[in-house]
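A short worksheet on the structure shown next.
Read the figures in this text as sums done on the coordinates, not as results from a lab. Remember, it's a predicted structure, so these values are computed and weren't measured experimentally. For neighbour counting, all protein chains shown are included, and Cβ atoms are generated from backbone atoms with ideal geometry for every residue, glycine included.
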Amino acid sequence: MDAQTLVDERGELWLTLAPLWLEREPRETDYARMVDVIQRYDLTLTELEWVFRLELAPVMVRHQMSVAGEWRAFDDYQLMGQLVAHNLRLKGWRRKMWLLFSGMTTMMTRHRWNDLMERVMVARGELSR
């Protein structure tokens, strides 16, 4: 897969989910937008989990753990470049390594992710609130 295909297929989803790693808790409007964008993709909850754990978390956790990291917003252009570069290399041993460490890379945002997935299930009629 080439860089442009990754941007076309995942770019909007990645940028929409990136605020899960920001310093502040997502607002209701943030969650509503995330759910809206997720609904446009034909991904199961399991596939969304893999997007979270393997495609996003390894890049996003670096921002979260950085002393000089930006905590209020991300530079979308720079972030997209990092996400594309990571995902182009996500094969073989790298994929296995990130899979092994995905619990650590997602633990600081897991509560937000779980809240988002609950909202997605409600929107899909799989769960009632």
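Relative contact order (percent) for the chain, with alpha-carbon contacts under 8 angstrom and 6 or more residues of separation?
37
For residue 9, what charge total do you get from the other residues with a beta carbon under 15 Å from its beta carbon, if Lys and Arg give +1 and Asp and Glu give -1?
-4
Report the residue, chosen from 92, 103, 81, that carries the largest GNM mean-square fluctuation when the chain is represented by alpha-carbon nodes joined by springs under 10 Å.
Checking each option, the largest mean-square fluctuation is seen for 92.
To the nearest 20 debye, what charge dipole does the chain have about its Cα centre, counting +1 at the Cβ of each Lys and Arg and -1 at the Cβ of each Asp and Glu?
480
When the convex hull of the Cα atoms of the range 3-123 is projected onto a plane and the area is averaged over all directions, what value comes out in nm²?
Mean shadow area of the hull around the Cα atoms is 7.3 nm².
Sort 2-9, 82-89 by the packing proxy (mean of other Cβ within 10 Å over each peptide's residues), most packed first.
Values: 2-9: 12.6, 82-89: 17.4.
Peptide ranking by packing, descending: 82-89, 2-9.
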